[in-house]
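Shown next, in structure tokens, is the structure this report addresses.
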Amino acid sequence: MPIIQPSLAFTRYLYQMVEVKQSLFLALLDHKPDEALYWTYELYHSGFKTELYNYIVMVYNTIYKKFNPSLQSYIDAKNQLWLDGNAADTDIGSIAYTMALRSYCLVDFMRTYLSVNISSQSTDEPSAVQFIVNLTPEDITSYAHVDMSNIRPNRLLERAVKYPVRKDCHRIFNTFTHEDFAGTFRHNWLYFASFSPIWYDRISQHNGHIDYDEKTVTFADEQDEEAFRSAWDYEPDEVVQTVFNRCCGTGKETLLSVKDFCEKYNYTIVSRIIKRPKKTGETAAQNDAFPS
């Protein structure tokens, strides 16, 4: 798969990849382990395994390590199994589920990524929950690929798309929003899905060609295209409104300010950090906010 940085990438169930990472982060903050697992395995089964492991480790180091130093050796061991090619599918989920039950501290995160100094409105103490969750293969069965043997591909999203992406923090996380995301989802989804390894492989297996200049996907002949459509065309232009809203949002989401975000997680802003002016030729990286 070519290394190209897309402005937008869809996951296996046609979520925005960046929004999935942010939704995972927020599910962890809200102590929702089942939702955290859903977003974890959406990234994992889309083929973003390396990105996912790196992301989980970064989240731990940034907000969990202070209160959970004993998790360091556990996470390092699981990460090393991944680097050595010996990780089980349950490993990354076990880390995410365990973290979702633990206390965290957002002070360093807010200072580093949102340029504010904060103080907690409650006592900063670790949670009494200190055990480690080791998932079994049965625990993650529901997060695997949906069995398509008895359904048409255009009905799959109705079964698979369970949670709505979290869009309320787009403003503070500097999330890149595609200028016509709804239209892209409905009419040009396959090109942007091709940036997920799982979709790239599906397209390649049916002799598809990705044109990065024209932003299109074409097939060698009609037979190849028909075979691909029969197997994998989710027909997002025809999905029910519930599915569309979960993947794309309603357009009516309330966007939190940094102050709103702090209040939601029981912190108060003490002061704001004034950033230095950029040097000549220096530019801000797209989606450089931590959760993306």
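Every read-out reported here was derived from the displayed coordinates using simple, explicitly stated rules and does not represent laboratory data. Please read these numbers as outputs of a predicted model, since none were measured by experiment. A quick note on method: Cβ atoms are made from the backbone with ideal geometry, for glycine too, and the neighbour counts reach across all protein chains shown.
Brief remarks follow.
- Selected from Ile210, Phe192, Tyr163, residue furthest toward positive end of dipole (segment 160-219; charges at beta carbon): Tyr163
- Dipole of segment 17-272 computed with +1 at Lys/Arg Cβ and -1 at Asp/Glu Cβ about the Cα centre; of Asn117, Ala36, Ala87, farthest Cα towards the positive end is Asn117.
- Local electrostatic count at Leu43 - Lys and Arg +1, Asp and Glu -1, tallied over other residues with Cβ under 15 Å: -1
- Ranking Phe244, Thr11, Ser271 by how far each Cα lies toward the positive end of the dipole of the chain (charges on Cβ) leaves Ser271 at the top.
- Axial C-alpha extent at least 20 Å, average Kyte-Doolittle at least 1.0 - helices from the chain (DSSP): none
- Net length gained if the chain between Asn266 and Thr254 were fully extended (0.36 nm per residue, minus Cα distance): 2.4 nm
- For the chain, the Kirkwood hydrodynamic radius comes to 20.6 Å, computed from all pairs of different C-alpha atoms.
- Cα-centre dipole for segment 26-145 with unit charges at Cβ (Lys and Arg positive, Asp and Glu negative), debye to 20: 360
- The dipole here belongs to segment 17-272: it is taken about the Cα centre, uses +1 on the Cβ of Lys and Arg and -1 on the Cβ of Asp and Glu, and is about 1240 debye.
- Estimated purely from DSSP H runs of n ≥ 4, each contributing -39500 (n - 2.57), the mean residue ellipticity at 222 nm for the chain is -12000 deg cm²/dmol once divided by its residues.
- Label sites at Lys49 and Glu214, each approximated as a point 7 angstrom past Cα along Cα to Cβ, lie 3.4 nm apart.
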